[in-house]
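As structure tokens, the structure follows; a few thoughts come after it.
The values are calculated or read from the model by the stated rules, or taken from the named source; none is laboratory data. Every value quoted in this text rests on a predicted model; they were computed, and no experiment measured them. In this analysis, Cβ positions are derived from the backbone assuming ideal geometry, glycine residues included, and neighbour counts consider all displayed protein chains.
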């Protein structure tokens with residue numbers, strides 16, 4: 001039997017949520033956007049991998065103690081093709097195509113993250129251009145190339161970063177062909193696009209995320225590379241190999257486009273960054289580090305099995321990059337991922353971090369808790385959900401724009417396996433152990449998703 005959170009949701013809904021337990025905080029008003037795979041099939045042909053499902057955006061409008069829900073699929077070519085055909089026309093990251101002969105392009109499923117910037121709501125994937133959506137109706141407006149400035153295949157990663165002082169959005173894209181390299185971009189508060197770096201990189205690895213400081217884009221390029229022979233015969237996921245004999249390369253790319261700096265470090269494995277900042281002549285960056293890489297490929301392949309969504313033992317690490325060396329410090333040990341923090345602290349030192357998983361690294365990495373780490377004291381607290389509950393990534397929302405760093409709420413979309421339903425959960429960020437302040441229960445489930453964000457802009461839920 002398939003794990004319930006891996007079952008598809010084929011319907012698109014638009015309704016007021018009627019079943020709310022507790023009280024939604026009076027000061028909480030805005031829109032939470034989430035995205036993830038909504039179905040793993042093209043027509044009636046199944047897709048093998050968690051990463052391959054068609055992107056479905058969920059929108060929760062919170063206002064006056066009420067919640068309105070809407071979901072829409074991103075109208076990508078694969079999604080539209082699957083409405084009338086079961087032929088796998090494109091390759092996927094983990095599912096081979098029936099007709100495609102070249103390793104690229106891969107189907108852009110727009111299923112990994114969603115961002116709101118300069119009035120544009122973008123559904124993101126890391127192997128192509130973003131898709132622009134109407135922030136009210138979630139109607140797909142088409143691929144977005146920033147007025148023609150995002151050229152070619154237009155790699156645009158799923159994890160852009162935002163400077164709260166300048167209002168700029170930064171991102172990167174990787175290329176494997178014809179010459180390996182890395183593009184770096186920035187988009188102004190008004191939406192003006194600029195490429196700030198084009199860096200040829202020998203043995204360019206697969207890289208999912210980066211961090212931003214007031215001066216740099218910070219990359220930890222782990223030695224995870226596609227094997228070219230396997231890539232020609234199989235899929236990108238099958239082709240990825242971890243080479244611990246090679247170093248992780250730490251790359252500091254100046255935001256002004258000047259010469260970057262690269263430092264080698266012993267090989268490590270990570271997926272998501274937390275935050276970074278400058279401290280005098282040092283650059284400091286935090287992220288979750290894992291023991292191995294194969295868990296990602298395994299969990300992606302077996303995601304339909306109960307208990308498959310797990311992470312191996314991991315730790316929240318802090319790396320201090322000095323002019324002469326790199327200093328490594330462990331902040332907390334757990335089995336978790338989806339690290340988050342107060343986005344207002346982006347590019348500057350932050351005290352509190354959040355993650356989803358298990359606070360006890362030795363007990364296995366089932367996604368059963370939301371974890372809070374006090375980076376100053378090392379104290380770890382959590383909100384632990386009952387067996388069968390699956391909390392997603394927790395997004396911090398400050399009580400007011402100028403509230404203290406920990407004064408606000410954590411918003412997450414969780415799945416209740418016993419009822420096969422999903423719910424919006426609101427936690428007090430300052431007191432996770434108190435449990436949910438409010439739970440808005442949906443009458444249906446939402447398949448397991450990835451990332452999202454919150455904006456104080458209240459979407460018009462009456463839009464067609």
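What to note about this one:
- Residues in the stretch 325-367 that are modelled with pLDDT of 95 or more and more than 22 Å from the chain's Cα centre (by Cα) were compared, and the one that is farthest from residue 386 (Cα to Cα) is 325.
- Single match in 331, 309 (criterion: buried (at least 17 other Cβ atoms within 10 Å of the Cβ) and more than 30 Å from residue 3 (Cβ to Cβ)): 331
- Conditions (1) touching a strand residue (DSSP E or B) at 6+ places or on another chain (Cβ under 6 Å); (2) in contact (Cβ under 8 Å) with a residue 12 or more places away in the chain: number failed by residue 237: (1)
- Test: residue 376 is crowded, with 21+ Cβ neighbours inside 10 Å, closer than 25 Å to residue 313 by Cβ and either without any contact (Cβ under 8 Å) to a residue 60 or more places away in the chain or under 22 Å from the mean Cα position of the chain (by Cα) (or both): no
- The test for being crowded, with 19+ Cβ neighbours inside 10 Å and under 26 Å from residue 71 (Cβ atoms) does not hold for residue 174.
- A search for C-beta distances below 6 Å between a residue of the stretch 283-297 that is modelled with pLDDT under 85 and any residue that is not in a helix (DSSP H, G or I), counting only pairs 6+ apart in sequence or on different chains, returns 295/312.
- Taking the listed residues 96, 164, the one that is part of a loop (DSSP other than H, G, I, E, B), more than 16 Å from the chain's Cα centre (by Cα) and closer than 25 Å to residue 339 by Cβ is 164, with no other qualifying.
- Residue check for residue 286: part of a strand (DSSP E or B) and within 18 Å of the chain's Cα centre (by Cα): yes
- Residue 279 more than 28 Å from residue 105 (Cα to Cα), surrounded by fewer than 17 Cβ atoms within 10 Å (Cβ to Cβ) and at pLDDT below 95: no
- Restricting the stretch 435-446 to residues that are surrounded by 22 or more Cβ atoms within 10 Å (Cβ to Cβ) and not in a strand (DSSP E or B) leaves a set whose member that is farthest from the chain's Cα centre (by Cα) is 442.
- Verdict on residue 459 being surrounded by 18 or more Cβ atoms within 10 Å (Cβ to Cβ), modelled with pLDDT of 95 or more and assigned to a loop (DSSP other than H, G, I, E, B): yes
- Residue within the stretch 68-77 that is at pLDDT 95 or above, in a helix (DSSP H, G or I) and within 30 Å of residue 297 (Cα to Cα) present: yes
- The set of residues in the stretch 398-409 that are more than 21 Å from residue 376 (Cα to Cα) and touching a strand residue (DSSP E or B) at 6+ places or on another chain (Cβ under 6 Å) contains only 399.
- Tallying residues that are assigned to a strand (DSSP E or B), under 30 Å from residue 417 (Cβ atoms) and modelled with pLDDT of 85 or more within the stretch 298-324 yields 3.
- Candidates are the residues of the stretch 52-68 that are crowded, with 21+ Cβ neighbours inside 10 Å and more than 21 Å from the chain's Cα centre (by Cα); the one that is nearest to residue 12 (Cα to Cα) is 67.
Each row is one residue, and each column tells you yes or no for (1) modelled with pLDDT of 95 or more; (2) in contact with a strand residue (DSSP E or B) (Cβ under 6 Å, 6 or more places away or on another chain); (3) surrounded by fewer than 23 Cβ atoms within 10 Å (Cβ to Cβ).
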{"position": "102", "(1), (2), (3)": "no, no, yes"}
{"position": "105", "(1), (2), (3)": "no, no, yes"}
{"position": "116", "(1), (2), (3)": "yes, yes, yes"}
{"position": "121", "(1), (2), (3)": "yes, yes, no"}
{"position": "138", "(1), (2), (3)": "yes, yes, no"}
{"position": "141", "(1), (2), (3)": "yes, yes, yes"}
{"position": "146", "(1), (2), (3)": "yes, yes, yes"}
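- Residue list for the stretch 1-43, restricted to those being within 14 Å of residue 423 (Cβ to Cβ) and either out of contact with any strand residue (DSSP E or B) (no Cβ under 6 Å at 6 or more places or on another chain) or assigned to a strand (DSSP E or B) (or both): 4, 18, 19, 20, 21, 22, 32, 34
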